[in-house]
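See structure below.
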Amino acid sequence: MDLLFLGTGAGVPAKHRNVTAVALQMLQERGATWLFDCGEATQHQILHTSIRPRRIEKIFITHLHGDHIYGLPGLLGSRSFQGGETPLTVYGPKGLKEFIEVTLSVSQTHLQYPLDIVEIEEGVIFSDHQFQVECLRLEHGIPSYGFRIVERDLPGELLVEKLKNDQIPPGPLYQRLKNGETVTLPDGRVVNGNDYVGEPKKGKIVTILGDTRVCENSLKLAKDADVFVHESTFSGEEAEMAYSYFHSTATQAARIAKDAGVKKLILTHISSRYQKNEADLLAQQARSIFPCTELADDFKQFFIER
């Protein structure tokens, strides 16, 4: 799993930062990419990466401000034009369905793949055998959500050396034992697969928030996350301005990361007022509170280690 940032700016595009979009790539886990927000020109940003639009399986929209959704109609159309045929689900606040349907209808864009639009409310919005996604409402000028992506625990590894020591020959039996089955061996012994499988590997937790003031739900969504993506529109000295615009500062994001016990904080949604060196100062402010802080830049990639 890794996070690839396609846009890390706030409000309007800047020379060094496009507006918001981040890809959660799970190519080994499920051969797919999930996209979180889709600001203007996201598909242009994708052209500079290895992301294939037809592999985008889900798109999660945090809120309906233009810098988070204006790239969506173009990406949906291009995915079809480029031969995408697999289903795509888009999740987001109420109003998203109308936005997509009107833009596709007016532009007479006909998709060649099934599109499902899910208008979300708080709670679990997706769950399968690999992942669960929960969302909670944040505090912004319009409905804005944060997403908590939880990977289910993975089965432990087969203890091959133990099998060899117990003179259990390799072959199809190994797979059955790894599945936890009780197996009768050719020599008549009955063995339990659970005795030959290591401890399960804990799944990863990734939290990605939309625009928000400091709020209790941010803390809930971030609890014990391996990676926590939080907006940092303003510097620590601009707390009053951040509050008035329904945004957060770098130091506020760091305090939430510390209180939530996350492993890594990534700052994004940087105001265009902060050029390269000034943006680095935001990261320094956050690190003074939470040392394991990274500043996202367009096309920067963060691997989520097991």
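Return the residues of the stretch 131-181 that are more than 22 Å from LEU209 (Cβ to Cβ) and of a type in the set (A, V, I, L, M, F, W, C); say none if nothing qualifies.
LEU154, LEU158, LEU159, VAL160, LEU163, ILE168, LEU173, LEU177
Give the residue, chosen from LEU35, LEU27, that is under 27 Å from TYR245 (Cβ atoms) and either of a type in the set (D, E, K, R) or touching a helix residue (DSSP H, G or I) at 6+ places or on another chain (Cβ under 9 Å) (or both). Steps first, answer last, please.
Numbers: LEU27 fails: under 27 Å from TYR245 (Cβ atoms).
Answer to the selection: LEU35.
Take the residues in the stretch 35-72 that are free of Cβ contacts under 8 Å to residues at least 60 places away in the same chain and in a strand (DSSP E or B); name whichever of them is nearest to HIS230 (Cα to Cα). Break it down stepwise before answering.
First, the residues of the stretch 35-72 that are free of Cβ contacts under 8 Å to residues at least 60 places away in the same chain: 35, 38-44, 46-47, 50-57, 59, 61, 66-67, 69-72.
From what's left, in a strand (DSSP E or B): 35, 56-57, 59.
Details: LEU35: 16, ILE56: 23, GLU57: 23, ILE59: 18 Å.
Checking each candidate, the answer is LEU35.
In the stretch 272-305, how many are modelled with pLDDT under 95, over 27 Å from MET26 (Cα atoms) and not in a helix (DSSP H, G or I)?
Number of matching residues: 4.
Pull up the stretch 91-106, narrow it to residues that are open to solvent by less than 70 Å² (accessible area, probe 1.4 Å) and out of contact with any Phe, Trp or Tyr (no Cβ under 8 Å at 6 or more places or on another chain), then point me to the one that is nearest to PHE60 (Cα to Cα). Please lay out each step first, then the result.
Restricting attention to the stretch 91-106, the residues satisfying the condition of being open to solvent by less than 70 Å² (accessible area, probe 1.4 Å) are 91-93, 95-96, 99-100, 103-104.
So of that shortlist, the ones also out of contact with any Phe, Trp or Tyr (no Cβ under 8 Å at 6 or more places or on another chain) come out as 95-96, 99-100, 103-104.
Working: GLY95: 14, LEU96: 11, PHE99: 14, ILE100: 13, THR103: 18, LEU104: 18 Å.
The extreme case among them is LEU96.
Quick one: count up the residues across the stretch 231-248 that are in a loop (DSSP other than H, G, I, E, B) and either hydrophobic (A, V, I, L, M, F, W, C) or surrounded by fewer than 24 Cβ atoms within 10 Å (Cβ to Cβ) (or both).
Going residue by residue through the stretch 231-248, those that are in a loop (DSSP other than H, G, I, E, B) are 232-233, 235, 245-248.
Remaining after also requiring either hydrophobic (A, V, I, L, M, F, W, C) or surrounded by fewer than 24 Cβ atoms within 10 Å (Cβ to Cβ) (or both): 235, 245-246.
Here the count works out to 3.
Test LYS223 against the criterion of being open to solvent by 90 Å² or more (accessible area, probe 1.4 Å) and in contact with a helix residue (DSSP H, G or I) (Cβ under 6 Å, 6 or more places away or on another chain), and give yes or no. Explain how you work it out, then say what you get.
Details: open to solvent by 90 Å² or more (accessible area, probe 1.4 Å): yes; in contact with a helix residue (DSSP H, G or I) (Cβ under 6 Å, 6 or more places away or on another chain): yes.
Judged against the criteria, LYS223 is a match.
Could you please find all residues in the stretch 149-173 being closer than 17 Å to GLY198 by Cα, among the acidic types (Asp, Glu) and either surrounded by 14 or more Cβ atoms within 10 Å (Cβ to Cβ) or touching a Pro at 6+ places or on another chain (Cβ under 8 Å) (or both)?
Matches in the stretch 149-173: ASP153 only.
How many residues, within the stretch 29-63, are closer than 19 Å to PRO87 by Cα, among the polar types (S, T, N, Q) and open to solvent by 10 Å² or more (accessible area, probe 1.4 Å)? I'd like the intermediate steps shown before the answer.
Let us first name the residues in the stretch 29-63 that are closer than 19 Å to PRO87 by Cα, namely 29-38, 43, 51-61.
From the residues that got through so far, the ones that are among the polar types (S, T, N, Q) too are 33, 43.
So of that shortlist, the ones also open to solvent by 10 Å² or more (accessible area, probe 1.4 Å) come out as 43.
The qualifying residues number 1.
Give the stretch 5-28 a look and list any residue that's open to solvent by less than 30 Å² (accessible area, probe 1.4 Å) and closer than 23 Å to GLN275 by Cβ, or say none. Let's see the steps before the verdict.
Within the stretch 5-28, the first condition is being open to solvent by less than 30 Å² (accessible area, probe 1.4 Å), and the residues that meet it are 5-10, 17-26.
Within the stretch 5-28, PHE5, LEU6, GLY7, THR8, GLY9, ALA10, ARG17, ASN18, VAL19, THR20, ALA21, VAL22 meet the criteria.
What number of residues in the stretch 107-130 are farther than 30 Å from ARG152 by Cα and open to solvent by 40 Å² or more (accessible area, probe 1.4 Å)? Write out each step before concluding.
Step one: filter the stretch 107-130 for residues farther than 30 Å from ARG152 by Cα, giving 107-112.
Subsequent filtering for residues that are open to solvent by 40 Å² or more (accessible area, probe 1.4 Å) retains 107-108, 110-112.
Final tally of qualifying residues: 5.
Collect the residues in the stretch 249-280 that are farther than 17 Å from PHE5 by Cβ, open to solvent by 30 Å² or more (accessible area, probe 1.4 Å) and small (Gly, Ala, Ser), keeping them in residue-number order.
Answer for the stretch 249-280, where residues must be farther than 17 Å from PHE5 by Cβ, open to solvent by 30 Å² or more (accessible area, probe 1.4 Å) and small (Gly, Ala, Ser): just GLY261.
Find the residue count for the stretch 199-212, including only residues that are among the basic types (Lys, Arg) and open to solvent by 30 Å² or more (accessible area, probe 1.4 Å).
Our first condition is that a residue be among the basic types (Lys, Arg); within the stretch 199-212, this holds for 201-202, 204.
Subset that is open to solvent by 30 Å² or more (accessible area, probe 1.4 Å): 201-202.
Number satisfying all stated conditions: 2.
Which condition from (1) open to solvent by 30 Å² or more (accessible area, probe 1.4 Å); (2) of a type in the set (Gly, Ala, Ser); (3) assigned to a helix (DSSP H, G or I) is the one that GLY83 breaks?
Among (1) open to solvent by 30 Å² or more (accessible area, probe 1.4 Å); (2) of a type in the set (Gly, Ala, Ser); (3) assigned to a helix (DSSP H, G or I), the lone unmet condition for GLY83 is (3).
Has the stretch 181-198 got at least one residue that is under 26 Å from ALA32 (Cα atoms) and surrounded by 17 or more Cβ atoms within 10 Å (Cβ to Cβ)? Working first, answer last.
The first filter runs over the stretch 181-198 and keeps only residues under 26 Å from ALA32 (Cα atoms), leaving none.
No, the stretch 181-198 has no match at all.
Search the stretch 1-26 for residues being under 15 Å from GLN45 (Cα atoms) and small (Gly, Ala, Ser), and hand back the single one that is modelled with the lowest pLDDT.
ALA14
The values are calculated or read from the model by the stated rules, or taken from the named source; none is laboratory data. In this text the structure is predicted, and so the values were computed from the model without any measurement. Quick reminder, even Gly has a Cβ in these numbers, built from the backbone with ideal geometry, and neighbours come from all protein chains shown. Heavy atoms of the whole protein, side chains included, go into the accessibility calculation; ligands, DNA and RNA do not. Shrake-Rupley method; radii C 1.70, N 1.55, O 1.52, S 1.80 Å.
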